[in-house]
Each structure stands twice: as structure tokens, then as C-alpha cells.
1. State to the nearest 20 debye the size of the charge dipole of the stretch B:350-432 about its Cα centre, where the only charges are +1 on K and R beta carbons and -1 on D and E beta carbons.
2. If I fit a long axis through the Cα atoms of helix A:407-418 and take the longest principal axis of the Cα atoms of chain A, what angle between them do I get, 0 to 90°, rounded to 10?
3. Roughly what would the spin-label model give for A:E65 and A:E27, points 7 Å off Cα along C-beta, in nm?
4. Between copies, how far does the label point of B:G243 sit from its twins, in nm, shortest first, when each point is 7 Å from Cα along Cα→Cβ?
5. Using Cα atoms only, what is the angle between the long axis of helix B:200-214 and the major principal axis of chain B, expressed in degrees (0 to 90) to the nearest 10?
6. For the stretch A:1-56, what mean projected area does the convex hull of the alpha carbons give, in nm²?
7. Please work out how much length the chain gains when fully extended from B:D178 to B:E46, using 0.36 nm per residue of separation minus the C-alpha to C-alpha distance, in nm with one decimal.
8. For every other residue with a beta carbon closer than 12 angstrom to the beta carbon of A:R363, add +1 if it is Lys or Arg and -1 if Asp or Glu, then tell me the sum.
Number of protein chains: 2
Amino acid sequence: MQPVKIGLMGLGTVGGGTASVLLRNGEEISRRVGRCLEIVHAAAREIDSQTILDASKVKLTDNAEDVVNDPDVDIVVELIGGYSPARELVLKAIENGKHVVTANKALIAIHGSEIFKAAQEKGVIVAYEAAVAGGIPIIKAIREGLAANQIEWVAGIINGTGNFILTEMRDKGRDFNDVLKEAQALGYAEADPTFDVEGIDAAHKLTILASLSFGIELQFDKTFTEGISKITPEDVVYAEELGYRIKHLGIARKTDKGIEMRVHPTLIPERRLIANVDGVMNAVLVKADAVGPTLYYGAGAGAEPTASAVVADLIDVARAMGSDQENRVAMLGYQPDAISNLPVLAHDAFETAYYLRLLAEDRPGVLADVTRIFADHDISIEAVIQKEPQKDQTRVPLILLTSRVIEKNMNGAISEIQNLDSIEGEITKIRMEHLG
Amino acid sequence: MQPVKIGLMGLGTVGGGTASVLLRNGEEISRRVGRCLEIVHAAAREIDSQTILDASKVKLTDNAEDVVNDPDVDIVVELIGGYSPARELVLKAIENGKHVVTANKALIAIHGSEIFKAAQEKGVIVAYEAAVAGGIPIIKAIREGLAANQIEWVAGIINGTGNFILTEMRDKGRDFNDVLKEAQALGYAEADPTFDVEGIDAAHKLTILASLSFGIELQFDKTFTEGISKITPEDVVYAEELGYRIKHLGIARKTDKGIEMRVHPTLIPERRLIANVDGVMNAVLVKADAVGPTLYYGAGAGAEPTASAVVADLIDVARAMGSDQENRVAMLGYQPDAISNLPVLAHDAFETAYYLRLLAEDRPGVLADVTRIFADHDISIEAVIQKEPQKDQTRVPLILLTSRVIEKNMNGAISEIQNLDSIEGEITKIRMEHLG
């Protein structure tokens with residue numbers, strides 16, 4: 001069979017990894033697929049002699065437009081990242097009748113609807129396995145492996161930087177800023193860590209997972225996002241004492257009222273497999289009606305793990321590009337005419353359990369006042385721990401775990417409790433999920 | 001689009017589950033796939049009024065041949081189990097130009113080569129996702145999701161009954177026979193538990209995983225199999241003290257000398273995610289060159305989890321049946337003309353680390369004699385624990401952990417140690433893998 005001709009845009013970490021994997025494993029891939037995947041054109045900001053591509057066989061350019069306009073190219077791989085010019089290049093490639101593979105989560109989360117519509121009209125494929133959880137084939141699992149199921153919820157550790165920080169905080173009792181600095185030194189975190197630690201990167205991925213799971217439009221702007229920068233070592237310790245771990249989860253859940261899409265620190269029972277996913281590793285837990293819970297674990301970033309997903313997409317596209325559009329896997333998992341308009345819930349309509357930490361006066365009656373307010377708001381308390389006062393302190397930390405409650409109710413209760421004279425400072429509120 | 005017409009053979013646990021899932025989730029499936037999957041003909045040993053299928057729409061028969069000979073049927077689903085008549089029915093269905101979906105691991109492990117060859121010649125597809133690890137889409141993950149990689153090894157908990165027994169032994173200090181009886185009462189284990197506890201069922205699945213991972217023929221007869229019936233509560237406790245758990249693993253590994261295929265009890269570090277897969281759940285850990293380790297976890301058996309995989313296959317076949325054979329995923333993961341003849345290693349050539357338990361005389365010099373023999377065989381000792389003598393005993397349990405060694409060397413050392421006067425009874429030998 002004819003080789004499939006690939007145009008590569010971006011020769012940075014992931015682009016370099018993709019080229020390496022294609023070259024090193026070319027023979028193994030041919031044994032599986034029955035044809036070759038051949039890079040014929042590559043664009044990078046700086047083309048130098050260090051590239052692993054052989055300039056006698058591959059056209060090299062510093063202008064990515066050359067790649068999308070090359071009539072020889074069957075599939076364009078976009079590994080530039082960011083919104084622009086990635087969006088314009090991808091749309092141009094589609095206009096030129098080329099299939100596209102991308103690892104760009106931000107692009108898909110924000111401009112996916114526009115891109116998929118253009119691709120659908122032109123009859124080309126846009127594949128993006130590498131955009132969510134790096135090397136874990138989670139998009140394939142949800143879109144194909146679990147296609148028989150109604151998905152109930154998805155919960156994922158989908159940002160390795162955040163998980164590294166929380167793992168270090170727990171293992172070594174370190175505080176957030178201290179570990180963040182180390183993560184930056186190790187290259188796990190960017191100089192501006194906002195995307196990772198405030199949950200924006202995870203929200204991009206969760207937006208995609210929610211659409212794939214429930215057949216809704218991509219709606220990044222409706223994804224609730226709360227970062228991990230306010231998590232303290234004492235919360236990590238108290239959670240541990242209660243049998244929980246704090247993870248930065250992306251959660252998408254289908255309820256009677258609509259879809260919850262939320263990224264936030266979450267207490268989860270330590271016995272759950274996903275609670276034991278440590279360091280920079282990612283994992284996605286999917287609860288579906290027929291199969292029950294399934295979990296997918298692996299490296300969520302890095303040159304070759306991401307390349308593994310990019311090349312898997314190339315292979316899929318190589319197989320599917322000769323088939324009729326109606327026989328292809330729908331790009332967003334559901335047929336374009338079957339997208340649902342289920343509402344996305346605002347955060348005050350979310351239902352979760354809570355971990356609460358209060359600083360309370362150490363005298364009789366305080367707990368009674370607090371629990372009375374919860375009862376008035378129909379909130380059950382599952383556990384209470386009162387810690388010893390820390391030295392020179394007249395207030396004691398009071399830890400409460402609640403049952404599941406609508407966030408609006410919880411916020412009402414909290415603001416009443418906050419007004420009690422016996423309570424000092426702000427109440428710490430961390431959501432809790434049993435993932436059962 | 002036209003509905004895809006399905007003939008179902010077997011309406012037992014998995015057959016009933018498949019019918020349930022197709023009926024309940026039909027609408028969701030159509031939203032994804034853009035067409036309907038319709039059961040038009042079903043065979044069961046006893047057709048009674050209890051079936052969930054509507055006899056006014058579905059032809060019902062007690063003769064499975066009616067299904068494979070029905071010209072209306074596009075895809076035959078074989079959920080009868082066992083070797084015969086499943087083999088003959090599947091071959092007949094292929095001869096009649098029908099695609100086949102099966103959950104039958106024994107059939108694929110033993111007769112897969114014959115079946116795939118017939119299907120290849122006839123241009124039809126045989127899909128078998130449900131044959132390995134039930135609802136976990138592990139075949140799709142290896143064959144498609146990781147297709148860019150060279151796979152180094154696969155290690156799986158692929159028999160839920162065995163994992164339930166080992167989990168109960170560890171959690172509650174119970175012994176093997178005691179838990180087995182409970183598993184039988186709960187319906188997790190058969191009246192004759194040999195298939196599960198002696199590792200034959202796991203070996204069927206491992207045979208398939210090895211072929212998918214390395215592109216070798218299916219060679220069930222060369223898979224080494226050791227059961228869990230000799231594992232004692234004390235070994236479980238000693239393993240725990242050393243930071244390990246005992247799991248019944250199926251392991252396929254590519255080495256310089258050939259392929260290892262082995263099912264046996266294995267000590268693995270408790271910090272590994274797969275060590276925390278408990279009860280009847282399954283998990284498969286795959287180590288591949290580009291992506292590194294990935295893990296897939298879920299229910300390995302049961303009506304609807306297995307149905308989830310069967311229906312996912314139906315959807316895949318519905319999509320692929322209109323395409324040219326060369327654009328389909330190869331049935332065994334590799335193109336038929338690219339199957340490798342790498343040798344499968346005999347068990348005395350396996351390389352693993354070991355946990356050893358000896359009953360030794362409690363006097364100076366015994367440990368020196370034992371460790372001298374290991375040194376003579378070039379085996380490094382990583383840890384030694386000498387336990388207190390149990391009451392009324394003059395011998396003490398001696399636990400040793402070794403480095404990785406070829407099994408032949410280990411057996412040589414063990415038979416010499418066994419001959420020492422200071423050593424009583426048989427030496428317990430459990431393989432150990434770090435899965436790093």
C-alpha cells in the first residue's frame with residue numbers, strides 16, 4: 001500500500017517526540033497497519049541541523065503554511081499549541097482537504113465546534129487523542145470502548161503538575177509554594193503556573209471529556225474551575241486522618257437537572273484506586289451504566305507519551321480516511337445531528353459532599369450552634385473532629401464532613417456560621433466525592 | 001442508514017446482558033453511531049416466555065445453526081462458550097459471509113488461528129474484546145491506542161475469582177480453601193474451580209494478550225501456568241511485612257531470547273497501582289517504549305460489563321464492515337503476513353526475582369550455608385528475615401528475597417539447599433516482579 005504522507009507543524013517537545021517515535025517504531029507500526037507513515041514536510045520556528053529529520057527526504061520550512069498548502073500531504077499534525085495561529089492553520093488545512101491530528105487541548109476546548117463543523121463539511125477527520133491525558137487512550141476508550149454505555153460521570157486527574165504538587169505536599173508535609181518552586185525547577189511547571197495550578201488546563205480537558213461522555217457541545221466557558229493554591233498542609237493531614245486524600249479532579253456528571261462540569265480540589269477515599277495515582281501521572285475514572293467503573297492510568301504529558309497518542313491518531317486516520325464519513329467514529333463521539341442541549345449547571349446547583357475546617361472558640365455550646373445551622377439547612381454531618389488547640393491559640397480547628405448537598409444550601413449555611421462570634425476567620429471548604 | 005442486523009447465539013448471563021444493553025441503550029448508541037443495532041434472530045437452549053426479547057420482532061430458536069444460516073443476519077454473536085459447537089458455529093457463520101463477535105476466550109486462545117485465517121480469506125471480521133478482562137477495553141487499547149509503541153511487557157490481574165480469593169486471604173487472614181468455599185457460595189467460583197484457581201482461564205486470556213502485544217501466533221500450549229491453591233496465609237502476611245502483595249498475574253514479556261508467557265502467583269510492591277486492585281476486579285498494566293506504563297482497570301466478568309465489550313465490538317464491526325479489509329484493524333493486532341516467529345521460552349528460562357520461605361534449624365551457620373549456595377549460583381539476596389520459632393517448633397521460618405535470576409539457576413540452588421540437613425520440608429518459592 002501507498003505510504004501515508006504526513007506534514008508536521010512544530011518540532012518542539014511533542015513534535016520532536018512524534019518524529020522520534022515514527023522513525024524508531026516505523027517497522028513495528030508497518031507490521032500492525034500494513035503501510036508506512038512517512039513525514040514528508042515539517043515546519044519549525046528554527047530549522048537547524050540538530051533536527052532528527054533527514055533533510056534529504058523531508059522538506060523543512062520555518063513557515064507552517066507551507067505544510068498545510070503542500071499538495072503531497074495527506075494528514076497535517078498540529079503541535080504548535082495555543083490558539084493562534086494554530087486555529088487558522090488547522091482551518092486552512094481542512095479547507096485544503098487534509099485530515100488533521102492535534103494535541104492542542106486549548107484549541108479543541110475553545111474552537112473545537114468551529115473546527116469539527118468545518119471538517120464535517122469538508123469530509124475530513126480531526127483527531128485529538130493527545131489533547132486529553134497525554135498517552136492514555138482515554139478518548140478512544142470513551143468514544144469507542146464504552147460506546148454501548150450511558151455514561152454517568154467521569155472524574156480525572158488530568159493535570160500532572162497539580163498532582164505532583166499535591167503528592168509532594170502529602171508525602172513530605174511540604175507547603176504549596178515550596179513544592180511549586182521545585183516543580184518549576186524540575187520543568188514540570190511553567191514560569192507562570194496559572195494554567196496548571198488554577199485548573200485552566202484541566203478545565204480544557206474536562207470540557208472535552210464532558211462532550212465525549214454526554215454528547216453536548218464544547219462549553220469551556222461554563223466549566224467551573226477552582227485551583228489548588230489555597231490547599232494547606234494541615235488540610236492534607238486532616239484529610240489523611242479521616243481516610244481521604246486531596247486530589248485536583250476534573251469531574252463531569254450527568255444529573256436529572258443537567259450537566260455538572262467542574263475542576264476543583266476534592267477529598268476522595270484513600271482506598272479508591274484513583275486516590276493512589278501519584279506524582280505527575282494522570283488517571284481518568286469513568287462510571288457507566290453497563291460496565292460500571294473503569295479506570296485508565298498513564299503519563300499525561302511528556303514528549304513520547306504524547307507522541308504515542310499522536311501517532312495512534314495518525315494510524316486511525318490512515319485507516320479511516322478511505323471510508324465514508326458515515327462509517328467513521330464521530331469526531332465528538334456523537335453524531336453532529338444528535339448533540340443534546342442539556343443545560344450545564346451553575347456551580348451553586350452542584351451536589352457534592354464537603355470537608356469543612358473552622359477555627360472555633362474552645363467552649364461548650366459552639367458545636368451545638370454550628371450543627372444547628374447545618375440542620376436548619378438540611379445538611380447532615382457525617383463526621384466531626386475537634387483538634388487540640390495549637391500553642392498560644394484559644395481557638396481550635398474543627399473539621400466536619402457533610403453528606404451530599406446542593407452548593408447553594410451549603411453556602412447559605414456557611415455564611416451563617418461565619419457570622420457566629422465563636423468562629424474566627426474564613427471557613428475552609430473542600431468538596432468531597434466518594435466515587436463509588 | 002440501514003439498521004445492522006444481529007444474530008445472537010446464547011441467552012445466558014452474557015447473552016441476556018447483551019440483549020438488555022442493546023434494548024436499554026439503543027437510543028444512546030444510535031446517537032453515537034448514527035444507526036441502529038437490531039437483534040433479528042436469537043438462539044437459546046430453552047426458549048421460554050421469560051426472554052426479554054420481543055418474539056413478535058425477533059426470531060427465536062433452540063437451534064443455533066438457524067442463526068448462522070439466516071440470510072438476514074449481518075453479524076453473529078457467539079455467547080455459548082466452550083470449544084464445541086462454538087467453533088463449528090463460528091466457522092459456519094464465517095463461511096456464510098457473516099461477521100462474528102465473541103466473548104469466548106477459550107475458543108480464541110485455542111482455535112483463534114484457524115478462525116482468523118478463515119475470516120481473513122472470506123473478508124469478514126471476528127471481534128473478541130469481551131474475551132479478555134470483560135468490560136475493560138484492553139484489546140482496543142493494545143491494538144489501537146498503543147499501536148505506535150513497541151510493547152515490552154504486559155502484566156494483568158485477569159481472573160476475578162482468583163483475585164477475590166487472594167484479597168480475602170489478605171484482608172481477613174483466611175486460608176485458601178475457606179475463601180474458595182465462600183466464592184463458590186457467592187457464585188464467583190464454579191463447582192469445579194480448576195479453570196479459575198489453577199490459572200487456565202487466565203492463561204487463555206494471557207495467550208491472547210501476548211499475541212496482540214508482540215505479533216506472535218496464539219500458543220496456549222506454551223503458556224506456563226501455576227495456580228494459587230498453595231498460597232498460605234503466612235506467605236500473605238510475610239509478603240505484606242516486606243511491602244509486597246501476592247497477586248495472581250498473567251505476564252507476557254519480550255526478552256532478547258524470546259517471549260515469556262506465564263501465569264503464576266506474584267509478589268508485587270504494594271505501592272504499585274495494580275497491587276491495589278482488589279476483589280473481583282481486573283486490571284492490565286502495559287509497559288510500552290513510547291508511552292511508558294499505562295493501566296486499564298474494571299470489571300472482568302458479569303452480565304453487563306461483558307455485554308459492554310460485546311456491544312462495543314458490534315459497533316466497531318458495523319462501522320468497519322463496509323470498508324476494505326486492508327483498512328481494518330488486523331484481527332490479531334498485526335498483519336497476517338507480519339506475524340513473528342520469536343520463540344516462546346520454556347519456564348526454566350524465565351527471569352524473575354523470588355520470594356523464598358524455608359524452615360531452618362535455629363543455630364549459627366545455617367544462614368551462612370544457605371547464602372553460600374545462592375552465591376555459588378550467582379544469585380544475589382536482597383533481603384532476609386528470620387522469624388521467631390513458632391511454639392513447640394525447633395525450626396524457624398527464614399524468608400529471602402532474591403534479585404532477578406534465570407529459573408534454571410534458581411532451581412539448581414533450591415535443590416542443593418533442600419538437601420541441607422538444617423532445612424526441613426519443601427521450600428516455598430513465589431515469583432516476584434517489581435513492575436517498574
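1. So the dipole magnitude of the stretch B:350-432 works out to roughly 240 debye.
2. Compared with the principal axis, the helix lies near 40 degrees.
3. A separation of 4.2 nm, rounded to one decimal place.
4. Shortest to longest, the spacings are 2.6 nm.
5. Here the helix axis deviates by roughly 80 degrees.
6. The Cα convex hull of the stretch A:1-56, projected and averaged over all directions, gives 4.0 nm².
7. Computed gain between B:D178 and B:E46 is 44.0 nm.
8. Charge balance in the 12 Å sphere: -3.
Read-outs throughout are calculated quantities, based only on the coordinates presented, and are distinct from any laboratory measurement. Just so we're clear, the structure is a prediction, and the values are computed from it rather than from any experiment. In this analysis, Cβ positions are derived from the backbone assuming ideal geometry, glycine residues included, and neighbour counts consider all displayed protein chains.
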